[in-house]
Number of protein chains: 4
Amino acid sequence: MSGNTFGTLYCVTSFGESHGPAYGGVVDGCPPGLALEAADIQKELDRRKPGASRHVTQRRESDAIEILSGVFQGRTTGTAIGFLIRNEDARAKDYAAIAQKFRPGHADYTYLMKYGVRDARGGGRASARETVVRVAAGAIAKKWLAERYGVRIRGYLAQLGPRSIELRDWDAVDSNPFFCPDPAVVPELERFMDELRASGDSCGARVNVVASGVPPGWGEPVYGRLDADIAAAMMSINAVKGLEIGAGFAAVAQKGSEHGDEMSPEGFLSNNNGGVLGGISSGQDVAVSIALKPTSSIRLPRRTLDVKGEATTVATAGRHDPCVGLRATPIAEAMLACVLMDHALRHRAQCADVTPPLAPVPGRKG
Amino acid sequence: MSGNTFGTLYCVTSFGESHGPAYGGVVDGCPPGLALEAADIQKELDRRKPGASRHVTQRRESDAIEILSGVFQGRTTGTAIGFLIRNEDARAKDYAAIAQKFRPGHADYTYLMKYGVRDARGGGRASARETVVRVAAGAIAKKWLAERYGVRIRGYLAQLGPRSIELRDWDAVDSNPFFCPDPAVVPELERFMDELRASGDSCGARVNVVASGVPPGWGEPVYGRLDADIAAAMMSINAVKGLEIGAGFAAVAQKGSEHGDEMSPEGFLSNNNGGVLGGISSGQDVAVSIALKPTSSIRLPRRTLDVKGEATTVATAGRHDPCVGLRATPIAEAMLACVLMDHALRHRAQCADVTPPLAPVPGRKG
Amino acid sequence: MSGNTFGTLYCVTSFGESHGPAYGGVVDGCPPGLALEAADIQKELDRRKPGASRHVTQRRESDAIEILSGVFQGRTTGTAIGFLIRNEDARAKDYAAIAQKFRPGHADYTYLMKYGVRDARGGGRASARETVVRVAAGAIAKKWLAERYGVRIRGYLAQLGPRSIELRDWDAVDSNPFFCPDPAVVPELERFMDELRASGDSCGARVNVVASGVPPGWGEPVYGRLDADIAAAMMSINAVKGLEIGAGFAAVAQKGSEHGDEMSPEGFLSNNNGGVLGGISSGQDVAVSIALKPTSSIRLPRRTLDVKGEATTVATAGRHDPCVGLRATPIAEAMLACVLMDHALRHRAQCADVTPPLAPVPGRKG
Amino acid sequence: MSGNTFGTLYCVTSFGESHGPAYGGVVDGCPPGLALEAADIQKELDRRKPGASRHVTQRRESDAIEILSGVFQGRTTGTAIGFLIRNEDARAKDYAAIAQKFRPGHADYTYLMKYGVRDARGGGRASARETVVRVAAGAIAKKWLAERYGVRIRGYLAQLGPRSIELRDWDAVDSNPFFCPDPAVVPELERFMDELRASGDSCGARVNVVASGVPPGWGEPVYGRLDADIAAAMMSINAVKGLEIGAGFAAVAQKGSEHGDEMSPEGFLSNNNGGVLGGISSGQDVAVSIALKPTSSIRLPRRTLDVKGEATTVATAGRHDPCVGLRATPIAEAMLACVLMDHALRHRAQCADVTPPLAPVPGRKG
């Protein structure tokens, strides 16, 4: 193990580098009998794909997935699902100019200090291109959760740089290149991104993800909490620096009489808990919000060191997303899906024979 | 497994309930030869202990630890360290009035839905009293990290309800019951807590934790990131609803030219990364901030359901912390210590033979 | 982790040393609602207890178990079950004479080379007294397996030194101090042990364990095989040097036409597979056989080294089992129970929704 | 997880089916800086390859490996090593005749009962062809163990059907298609196999594996024993039904005065322990012996059931190894290598700072 597998029962193992021959993964633990074909995964990969608009990296990748095992006659067999996504448009020479320099805010320094090996080509293993594997694994989890439990997982861009965005229309999310849930704001976002790109700088973003239909009872006490596993999964996404569940940091200034979600026969009256109480799902929407930092590879020159420790400056000319957050929505959805599926399996392992003494309390309406 | 063990190589297993006979734990993976006696752990437990001021629960527990194994002639042997902390002041009858009612914001509902079992006495396994085990395990990790690598881990109260607190004096932190790093603010905090307690309500808090002296290279790429494991560890603490590393949510509104920490021969020029880049420690201070929600057990009446699903109201008369965040500082320090020790061991397993090509870049001064 | 936890979903964590204050353990993952009290575990501990006959160590331990958590009002709650067994009759001074010498065949040399620490008192962590924790964990697993799936797990002494023993009467097993399934042989075994003890030497043993009623489908392909996990569990018992499942080593000389168990509508016609095919339970009896080496602590003098590497001789005068295999039957049963329960939970996690297309084929009659 | 990953720090994840498009694997945790190219792995794959003699399956596979990640400029980077081996000669139609029938001794019945899915093509995931992944992972482990610690791992055929074989010449092992260490016996083995093949039957085998140069101290007490992990690894190989370490089952009839390996300044005087004492390596040769059952796919007709549970007979006409043990030597070597490397990493994680008080005692000469 050096960190490339996650999950306890729904396990995802990932490999690949940005400029190597391919990315690939192994999903182990998927129940047998799930209808699955490459197209089910491809549609999620296409949502994450680079080159889909002028606002993201112009690297051209089809991100076509090949399923290598674990599916027979259109159904999962219960054995390991191996898959492969070839890299098609790697341009290692783009990195010649920065091969000997650290980029401020980039992992190139820490990887070198850890491994003593420098693979400057496109970030190597640290590239956000690795998230293609997560999206593939998440696509399978999403499908199973939807078919087996009616769980629906959706996300959207909640802030771009300084601009907050309200959730006005779920249907709008997939109709613009920002996953923006407010169509009226899209032109402003386009202008913002055009100016940002022209300036050679980058910006951060906030992405919200919501899972609806999660039954109460998923999660484990103390360390194996559902929210702890969600936190790890989200923080493992490239560029994430913060995370909230439910009220998040707003809970600091709340009173207990305000924060604690009251219950009535009609259901919960609010959702400050964000769908998790004591580490176990409450049956309300699981609501997660993440902060993504600005891309570290920018065209503006910055003070840095070279690999010998000498002072220099660096500016990055390669193809990069000026805002990694723009493509983060399907990734965050995928990670949430994987964690929920893992806990669904863990829950029924231990508690398959439990009959709770009352019916689930409905989540807050609206 | 149902969530009561954490860590890959420095493993902590916990058991116990608030009103059962005892809490206990097993620390597995500690290197042999560490000088260790009960007093080393006790001093950290005493920092977390209930009843230490009028602002926290008045339950009287000595929290005296008994080490049962893994230490011989004052040194760790390398085998499992078992320890026990007896409960002394459990009052199960306090819970008679609420035995049949859910407390808004409490885990009593989700535990019942998961396990079909109701142990209303003091929260059962969901009680924050479980953190006594974490603090014990963290005390061992702190000691080893300090002696072996010179790592120092400290925390403080950064916000109480609506009141932000600046870090003015590390030495002040342990001289007041709030872990407040600004002595001038303490009287105000006391008034605030007195009023809060009188009102029967509770409030949230923010706690910051910092680890200094962490060498670059700890952490693993992709899923086993140092920050991902920190996130899980922090989110597993009772009442935590949000978490930031480095710039955290402020990174959303930053430009890349502002966020990326520049490097010079004198060291990093800022620490927006919070000590972690690409999931691997950068050698800068590891800086973590967590949001704790207000206590759910309050004296004010609230709308809720009973265990049959009937509408009722509940008010909690037992002994409770009006702000769990007040005692969270040593807990958060402990969790950070455990994660760092785990990654120290994981790092040297894989990379013991690595010699990085340059000396570590110093962290930002001041 | 340093090896003191096992199991994926039914997890057992163990601590304690032979001459420390106590042994204890944590069972995590037990389903909620199982009726459980200390007496359920105590009856299995009493089967393993030292001092029960003149043929085993004369150390006097009541091995009384205290359950510390995870059980409320006589039922498991689904949270971690912590338990403690105090040591009562440790005599550290017995070990003064051998404190500086390695015992041939003992782990004292390897522990010292690994940890650099020497705890000569009674073998420290390497003592077979640790198996008290396994038997406790196994008692819970046995009870759950019996009540939930009708699985029955039994073992017996199949060979003592050179003397093979036939399974003639399951009911006889618990009526003699050898777990001997052939009452007619018991007097011979007593004479053998009396002479062995008088000689100052020790001997090996073979123990067979059988689980009946295991449904087909438990186990996982490739690495997580049921038989692989059984092998690890058995080999982790002190003194075990070999293991067979089903036909075992006899399969080497069998032809395929002889080994492959034919099937008929009345059931399997033989059980060479030992209840496992392709790592998955076949529904037949799971049949395991283990080889236990002779005790290394003997009164006869032997050539050895002291801790400085100087040549010397050693003879061990303390209280020791002349044949650890005599008390191994309940231990082996316990390990098999833990592995089966773990796989029962793992199986239903992934395959809870599977309906096999045919009814289970019965195991071989008689 | 459903069993397709093994190892704690040196982790191998495997996927693929006999008649799917490919096998592949991910090795995670390999230290950085190891010189590695495809040829290093290929040479071990070629030892295991089908079609190498008339005595094994005539399926024609080049088993050419493609390394997809984790290696840069001829050295491991420390990140996940993904690799792929395409299937080239699958003939699914060979299985039409047996598609609806269970083969006695085969996993086809248990897979169907577990997963409710039937992939009769070549055994699907249960095919011994999966061992190609193990051999690849083992090749990397072998190389690292040899270069870093001087460990050498070798195996040989110790019994074919009823015929025992003595270890006479290590150099002969790779010069005949049986991995037979006694060249004089090879003609007899060839005659035996020719007759067996002609008869339509199959036979079992015993394979011995030895690791030399393992330093003392690898392994963990109690459950994480080196021998327990070796046992699981060996038992996870297709067709293995028994396993011995050191004296193995012979230890049952040994006296303690005979079994316990005496020590002298010149070294251990015997190796009954088989290189492991108390679960920790002793510095002697790690000596393992495994029993492989006869192949279940044979041409002779046998009584069985079809997938509807109706009585029938089955005979298997496809291409099969009449003795899977013939190709098991490189597989067993690979599994031992993986376990040893895993424990080497685990050991230095915990005990990197230990200096044992005496020099390692040499293993038995000759």
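Computed from the coordinates by the stated procedures, all read-outs in this text should not be read as laboratory data. Given the structure is predicted, the values throughout are model-derived calculations rather than measurements. Glycine gets a Cβ as well: all are built from the backbone with ideal geometry, and neighbour counts include every protein chain shown.
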Pop the C-beta distance of B:Ala184 and A:Asp194 into the FRET formula with R0 = 51 Å and round what comes out to the nearest 0.05. 0.60
Just to be sure I understand the model, the point goes 7 Å from the Cα along the line to the Cβ. What's the resulting A:Ala38 to C:Glu147 distance in nm? 5.1 nm
Let me test this: with uniform point scatterers at the alpha carbons of region A:29-119, what is the Debye-based log₁₀ I(q)/I(0) at q = 0.10, 0.13, 0.19 1/Å? -0.46, -0.70, -0.96
What is the Å³ per residue value for the convex hull set by the Cα atoms of region C:252-319? 214 Å³
Could you grab the relative contact order for chain D? Cα pairs under 8 Å, six or more apart, rounded to a whole percent. 21 percent
Label position 7 Å from Cα toward Cβ: report the copy-to-copy distances for B:Arg60 in nm, one decimal, ordered from shortest. 3.9, 7.9, 8.8
Estimated 222 nm signal from helices in chain D, with DSSP H stretches of n ≥ 4 weighted -39500 (n - 2.57), rounded to 500: -8000 deg cm²/dmol
Semi-axes, largest first, in whole Å: what does sqrt of 5 times each Cα gyration tensor eigenvalue give for chain C? 35, 25, 19
Below 13 angstrom from the Cβ of A:Ile41, what's the summed charge of the other residues (Lys, Arg +1; Asp, Glu -1)? +1
May I ask you to sort B:Leu277, A:Leu345 by Cβ crowding, counting other Cβ atoms within 10 Å and putting the fewest first? A:Leu345, B:Leu277
Going by average Cβ density within 10 Å per residue, which order do the peptides B:331-342, B:29-40 take, highest to lowest? B:331-342, B:29-40
For chain B, modelled as a Gaussian network with Cα springs under 10 Å, which listed residue fluctuates most, B:Thr131, B:Thr312, B:Thr329? B:Thr312
Please compute the alpha carbon radius of gyration of region C:15-64, then divide it by the globular-protein estimate 2.2 N^0.38 Å. Two decimals is fine. 1.41
By the Kirkwood definition, with r running over pairs of different Cα atoms, the protein assembly as shown has a hydrodynamic radius in Å of 32.5 Å
Teacher prompt: B:Asp353 distances to equivalent labels in other copies, 7 Å Cα→Cβ, nm: 2.3, 4.7, 5.1
So the label point sits 7 Å from Cα along the Cα-to-Cβ vector; using that for A:Gln100, what distances do you get to the other copies, in nanometres, sorted shortest first? 6.2, 7.3, 8.0
Other protein chain Cβ atoms within 10 Å, averaged over every residue that makes up C:259-270: 6
Among C:Lys255/D:Lys143; A:Lys101/A:Lys293; B:Lys143/D:Lys143, which pairs are too far apart, with a Cα-Cα distance over 29 Å? C:Lys255/D:Lys143; B:Lys143/D:Lys143
Per the axis that maps chain C onto chain A, nearest residue of C (Cβ criterion) and its distance in Å: C:Ala349, 2
Hull shadow area, averaged, region A:280-335 [alpha-carbon convex hull, nm²]: 6.5 nm²
Rounded Å value of the spacing that divides the Cα centres of region A:1-56 and region C:320-339: 45 Å
Hey, could you grab the Kirkwood Rh for region A:153-254? Inverse mean 1/r over distinct alpha carbon pairs, Å, one decimal. 15.7 Å
Region C:233-366, relative contact order in percent, only Cα pairs under 8 angstrom and at least six apart counted: 29 percent
With N residues in region C:100-169, Rg(alpha-carbon) / (2.2 N^0.38 Å) equals 1.66
In percent, how large is the relative contact order of region C:42-91, given Cα pairs closer than 8 Å and 6 or more residues apart? 31 percent
In nm, to one decimal, how far is the modelled label at C:Ser62 from the one at D:Ala317, with both set 7 Å along Cα→Cβ? 7.3 nm
How far apart, in nm, are the 7 Å Cα→Cβ label points at D:Ala99 and C:Ser264? 3.0 nm
